[in-house]
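Here's the structure we're looking at; comments come further down.
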Amino acid sequence: MARTKTSARRSPARKPVSKKSRAKPVRVAKRVSSATAKAASHFFRVSHHNEEDFDGGLRRYAKYRDLGMAKATNGMVQAHVIRFVPPCRPEEVSKLHFHDVEFQMIYVLKGWIKTELEGQGAHVMRPGSAWLQPPRIKHKVLDYSDDAEVLEIILPAEFETTELP
């Protein structure tokens, strides 16, 4: 009996199936997801560094530079550079909270930031560090350097933040 090699792409030979166990074909309607619909309305956007672009935002101890991605993606994505205002005051910054988001990623550009995430403990993030915060994870900032600056990308652009006792 000769053997032949089979490709992982080919499906194995099927055994005959009795009439009782045959599945009826299912019709699948083509749908356009909301993400696909929003992607169709995206446009090119560029944001060049300008010191005057840093202004207030979600927290008093931070200045935000909006990168214009919310408008460019029709509200799908928010991207901003956060510059922490020195000096760090733990009594102000160390408030446990969470964000009602689908995606949140932070990348350290300058300085360092110490943050604590529920079930993960405290971590000091330095330039080049990146982390993903799962949706609604409880977290707080513990400390940061005088020159701390991070890039934050969030989906969707509009979201709720809940401070916890």
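The values are calculated or read from the model by the stated rules, or taken from the named source; none is laboratory data. Keep in mind that what you see is a predicted model, and the values were worked out from it rather than measured. Here Cβ is always computed from backbone atoms with ideal geometry, including for glycine, and neighbour counts include all displayed protein chains.
Give me a count of the residues in segment 118-140 that are within 24 Å of R65 (Cβ to Cβ) and within 15 Å of the chain's Cα centre (by Cα).
Final tally of qualifying residues: 6.
For segment 130-140, indicate whether the set of residues that are surrounded by 14 or more Cβ atoms within 10 Å (Cβ to Cβ), within 21 Å of M76 (Cβ to Cβ), in contact with a helix residue (DSSP H, G or I) (Cβ under 7 Å, 6 or more places away or on another chain) and not β-branched (V, I, T) is non-empty.
no
This table checks each residue for (1) surrounded by 10 or more Cβ atoms within 10 Å (Cβ to Cβ); (2) among the aliphatic types (A, V, I, L, M); (3) at pLDDT below 80.
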residue: P16; (1), (2), (3): no, no, yes
residue: V28; (1), (2), (3): no, yes, yes
residue: H80; (1), (2), (3): yes, no, no
residue: F103; (1), (2), (3): yes, no, no
residue: W112; (1), (2), (3): yes, no, no
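Can you name the residue in segment 116-146 that is touching an Asp or Glu at 6+ places or on another chain (Cβ under 9 Å) and assigned to a strand (DSSP E or B) and is also nearest to F84 (Cα to Cα) among such residues?
Residue satisfying both the conditions and the ranking: V141.
Kindly provide the set of residues from segment 112-165 that are closer than 15 Å to Y61 by Cα and of a type in the set (K, R), ordered by number.
The answer is K114, K140.
So, in segment 66-87, exactly how many residues are of a type in the set (A, V, I, L, M), free of Cβ contacts under 8 Å to residues at least 60 places away in the same chain and either out of contact with any strand residue (DSSP E or B) (no Cβ under 9 Å at 6 or more places or on another chain) or assigned to a helix (DSSP H, G or I) (or both)?
1
Which one of L117, L96, L164 is among the aliphatic types (A, V, I, L, M), surrounded by 15 or more Cβ atoms within 10 Å (Cβ to Cβ) and more than 30 Å from H48 (Cβ to Cβ)?
L117
Kindly evaluate I113 against the criterion of being within 23 Å of L164 (Cβ to Cβ), within 15 Å of the chain's Cα centre (by Cα) and not charged (D, E, K, R).
It is false that I113 is within 23 Å of L164 (Cβ to Cβ), within 15 Å of the chain's Cα centre (by Cα) and not charged (D, E, K, R).
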